[in-house]
1. Given H placed 1.01 Å from N in the peptide plane, which residues other than close sequence neighbours of residue B:25 have an amide H under 5 Å from its amide H?
2. Looking only at segment B:273-292, which residues have a backbone nitrogen under 20 Å from a spot 7 Å from the Cα of residue B:331 in the C-beta direction?
3. Using the crude model of +1 on Lys and Arg Cβ and -1 on Asp and Glu Cβ, and no other charge, please compute the dipole size for chain A relative to its Cα centre, in debye to 20.
4. In segment A:86-101, what residues drop by 10 Å² or more in accessible surface going from the chain by itself to the full protein assembly, probe 1.4 Å?
5. In percent, what relative contact order does segment B:212-427 have, based on Cα pairs under 8 Å that are 6 or more apart in sequence?
6. Tell me, what HN-Hα J-couplings in whole Hz come from the Karplus equation 6.51 cos²θ - 1.76 cosθ + 1.60 at θ = phi - 60° for each residue of segment A:357-374, using x for Gly and Pro?
7. Run the dipole for the protein assembly as shown about the Cα centre, Lys and Arg Cβ at +1, Asp and Glu Cβ at -1, nothing else charged, and hand back the magnitude in debye, nearest 20.
8. With the other protein chains left in place, how much accessible area per residue, in square angstrom, belongs to segment B:85-233 at a 1.4 angstrom probe?
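The values are calculated or read from the model by the stated rules, or taken from the named source; none is laboratory data. As the structure is a prediction and not an experimental result, all values here were calculated from the model. Quick reminder, even Gly has a Cβ in these numbers, built from the backbone with ideal geometry, and neighbours come from all protein chains shown. To get the accessible areas, we keep the full protein, side chains included, count just its heavy atoms, and leave off ligands, DNA and RNA. Shrake-Rupley method; radii C 1.70, N 1.55, O 1.52, S 1.80 Å.
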Amino acid sequence: MPQRSVVEAPNPFREGLRIKESLEPCVMVIFGATGDLTHRKLLPALYNLALEHPLPAGFSVVAFARRPYTDESFRQQALESINQYSRQKPVNPQVWESFASGIHYLQSNFHDPEGYTKLNQLLNKLDQERGTSGNRIFYLSTPPSQYPDIIQNLGAAGLNRNRKGWTRIIVEKPFGHDLATARELNRQIAKVFKEDQIYRIDHYLGKETVQNILVFRLANGIFEPVWNRRYVDHVQITVAENLGLEGRAGYYEESGAIRDMIQNHMLQLLTLVAMEPPIAFDGNSVRDEKVKVLHALQPLVGREVQNNTIRAQYGPGWVGGKQVPGYLQEDGVSPTSSTETYVAIKTFIDNWRWAGVPFYLRTGKHLPKRVSEIAIQFKQPPLMLFKDHDTQGQVEPNVLTLRIQPDEGISLKFGAKVPGTDMQIRSVNMDFFYGSSFVREQPEAYERLLLDAMHGDSTLFTRRDEVEAAWAFVQNILDEWGAAPRDTIHSYESGSWGPQAADEFIWRDGRRWRRP
Amino acid sequence: MKGVGMVMDNSAAPGMQLPWAGKQVSPEHVEVELSTLWRLAADNMRISQNMNVRTSVLNFVICAQDEKTARKASAVLRDLASTHIARVTLLILDTRSDGPSEVSTWITLRSFPIISDIMRHHFEQVTATVGGKAIQYVDNIVQSLLKPDLPVYLWWLNDLPEDHDIFHRLIKLSSRVIIDSSHFTQPEEQISAASAILQQAPQCALSDLTWGRVTAWRELIAQFFDIPEYRPYLMAVDTISIEHIVATSSQALDHHSSQKNPIRALLLAAWLKTRLGWKLSEDESDNSRDPVTGTYSWHMSERDMNKVVTQPLSAITSGEQKTSAPLGGIRISVQPRELVKSAPGTLCLVRMVCTVEGKQAIFTIERGDDDDHVLTSVEVPGSPRPPRTVSIAATHKESDLLHNELEIMGRDRLYEQMLHEVFALLAE
Ligand SMILES: NC(=O)c1ccc[n+]([C@@H]2O[C@H](COP(=O)([O-])OP(=O)(O)OC[C@H]3O[C@@H](n4cnc5c(N)ncnc54)[C@H](OP(=O)(O)O)[C@@H]3O)[C@@H](O)[C@H]2O)c1
């Protein structure tokens with residue numbers, strides 16, 4: 001037997017533990033560490049990982065931003081944020097003290113090469129003092145306009161790789177503004193980092209229920225056989241928000257519903273529902289199959305865009321018991337804005353499994369409630385047995401719904417006879433609430449994703465070809481919309497399920513939207 | 001867990017009164033009466049617009065030998081972070097020889113206090129007292145009280161009964177039995193009895209909440225050696241010290257509780273020994289075992305290197321291929337530490353010392369200021385590392401430990417292997 005070196009051999013103590021693979025100490029450098037995302041999500045996620053101790057001793061954070069903080073004052077800020085946003089609070093003082101001793105602040109402008117020299121020195125010092133052995137994760141939590149500068153400076157300072165340990169980079173969404181900018185960003189990053197160092201984050205993939213889609217499909221004998229065009233009539237994917245802009249008008253004006261939701265989260269959900277079984281549960285096998293689905297999406301071009309998409313803006317109305325203004329009246333929104341706050345799309349996947357099965361996607365702001373779900377509607381059996389009875393419209397098709405949020409779960413709608421002498425059929429729902437069977441408090445999506453990145457597992461991150469394929473689909477729509485007159489943008493009352501046009505759009509096919 | 005506004009009609013019940021267990025019904029009416037409760041609950045739900053969810057992943061049979069213990073267990077469920085349970089069947093076995101031969105049953109619905117505002121998750125609880133001759137048929141009695149087609153998890157409280165047959169009958173219908181050797185009065189003997197009985201029921205897995213209490217320590221030890229640079233030290237560990245808490249003698253007298261329970265320490269010792277590839281040999285002269293004080297010590301000189309790694313330790317820091325002398329052996333010791341205010345058996349120290357070219361490297365996990373925290377530290381020549389404080393609070397809450405065991409399906413092979421190792425370590 002060839003001799004394994006002690007260092008390469010697996011850690012013998014890991015066998016039988018929840019986390020089976022070694023996690024080496026590393027430094028996470030957060031660019032944009034004074035920002036909203038860092039304080040609301042990243043620091044609380046890291047603290048929870050330290051508290052429940054999958055994070056190794058020696059794990060360190062370098063917070064990189066412009067404002068003048070010292071290590072001490074930044075730690076204080078971090079503590080306050082964690083106390084506010086962590087799922088476990090108040091902060092455990094003893095654990096915090098250990099964790100905080102590994103947090104350092106580095107004040108610099110992203111454009112300033114000097115900052116990266118200082119970063120290099122600090123990282124080397126941490127390697128010495130805290131045993132992080134050259135393992136680094138750079139987290140880009142900044143406005144996307146800053147990404148190219150940071151990446152280039154990291155490269156120039158030689159921080160993109162090192163001899164001792166591994167170097168990875170996590171890139172936040174939005175990844176590009178359109179196909180061209182996404183490609184350009186990919187090109188820029190690729191100049192400095194290799195694809196296997198790059199982790200493009202889509203926090204939707206960190207959610208347990210999203211991961212459950214594949215398990216549900218592939219581990220159950222009764223679902224996969226009917227998961228195709230022979231049995232499925234159509235699929236509806238809904239991501240509804242009851243919120244409006246929440247003070248992010250500047251961002252939203254530039255983005256709109258299709259960039260904010262469809263290009264990333266909703267196409268991710270679609271790929272998970274539609275993909276073929278991967279040959280293994282590893283990063284590249286899973287992503288290979290997802291990319292195939294994106295490539296098989298029937299591109300919408302020219303007039304097809306008008307026929308197969310609906311875009312709209314919310315008007316004034318009531319949501320959550322409050323009166324709200326229309327989109328065009330919001331602060332920070334141009335009165336002539338053509339940014340859509342609602343979009344509905346009908347698309348087909350041109351492959352053997354799904355040919356002819358429409359996939360309807362819809363998302364919007366100021367809808368009646370916050371809900372994300374995937375509904376698979378099955379074809380109906382012949383109903384002639386019931387034709388003598390007054391069952392008109394009573395026998396509904398079977399629908400299997402995978403709910404992502406809130407109250408994650410799965411429900412199946414089927415018809416049952418109403419007790420009594422006459423033949424009345426009513427639809428009933430059989431519900432499985434994820435929470436009711438496996439309630440343990442679920443880790444936040446960011447906790448899972450950060451840990452995966454530290455382990456070097458990229459399954460739940462988006463690959464270069466995946467991002468570009470998703471953009472390619474969306475780009476056609478954007479181009480056509482850009483050329484269309486403004487009156488093709490519909491309007492809907494805030495608090496409603498979207499514009500009338502969207503209803504008519506699906507009625508044409510003899511179908512209707514679910515009311516989630 | 002709050003009741004959901006159920007009737008508690010105990011007035012007519014002769015014999016034992018268990019107001020906390022709900023409504024007394026005759027055993028043959030358990031199912032019908034439960035359906036009535038569900039209907040009532042559904043009405044209540046409609047009024048308050050709550051959604052009513054029944055959960056259905058497993059049958060949970062809890063077996064106690066007195067009412068006080070049963071009631072305590074029933075209360076633990078209140079904090080259980082999982083709503084796996086479809087039905088709890090709480091058995092109170094009256095093993096007194098002069099107890100009356102009878103079976104009485106109570107039913108109630110309970111809801112988990114958690115989750116969302118609009119949804120409540122419920123399970124049903126059947127409490128049954130079984131006494132006298134009826135005990136010999138306890139498995140048949142339980143059979144009639146189970147939800148169909150769901151696995152049965154049995155939580156055995158207290159010591160094993162003197163009549164092992166009762167235990168045996170119950171595990172024959174279970175897919176997992178959960179014990180807690182930290183509460184055994186004579187842990188070594190009882191564990192060995194439990195494991196022997198389980199040999200006769202190969203379909204039933206064994207869990208010990210005490211093993212769960214060791215998990216956090218195992219994780220922290222593993223973390224030391226996640227660092228590749230430290231992995232070579234695994235080859236050179238020559239001393240391992242483990243300490244467990246024992247009550248001061250006056251404390252033990254006060255509480256009539258057992259003064260010591262070295263099981264956690266022994267499990268940890270067994271695990272470290274096995275993972276490091278050391279073998280206990282018959283002819284070691286300087287092994288000592290003193291169950292009275294809870295002090296043990298072993299010397300082992302035979303090692304299966306393949307278990308760990310195949311390359312002998314080389315000069316670690318310099319990186320040169322200087323092979324150091326093969327290790328003469330390892331000494332593992334388990335020692336008691338007297339401490340007030342801590343439960344006997346709690347681990348309070350594990351220290352691994354390695355000697356490489358005359359220099360010592362030391363890996364330590366030590367109890368912090370309280371039971372909820374430990375301090376981990378590494379002293380490696382030329383490689384300073386910050387010590388850190390870790391919270392292990394979640395590892396001693398009974399409901400959390402229980403939750404973990406309810407999560408697993410199938411046998412916990414590692415635990416079973418460690419039990420055998422412990423027996424071997426204890427054998428004279
Ligand atoms: N916030 C969210 O909920 C959310 C959700 C999903 C994705 N994201 C994405 O996450 C990223 C960060 O979002 P955010 O909301 O946290 O942004 P933000 O609050 O605007 O924070 C921006 C950060 O970048 C720093 N910064 C900007 N320009 C700089 C410069 N030239 N030099 C040095 N530092 C500079 C700022 O530091 P100073 O304040 O010190 O100047 C601040 O720390 C964005 O890509 C966003 O799209 C955010």
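1. Here B:105, B:106, B:107 satisfy the definition.
2. Answer for segment B:273-292: B:273-274, B:276-291.
3. On the way: 59 positive and 61 negative charges, 114 e Å.
Dipole magnitude for chain A comes out near 540 debye.
4. Buried by the other chains: A:92, A:94, A:95, A:98.
5. Working: 368 pairs, mean separation 56.3, N = 216.
Reported as a whole number, the value is 26 percent.
6. Working through the residues one at a time gives 9, x, 10, 9, 10, 8, 8, x, 9, 6, 8, x, 8, 8, 7, 10, 7, 10 Hz.
7. Details: 100 positive and 114 negative charges, 359 e Å.
Rounded to the nearest 20 debye, it is 1720 debye.
8. Values: 4980 Å² over 149 residues.
On a per-residue basis, 33 Å².
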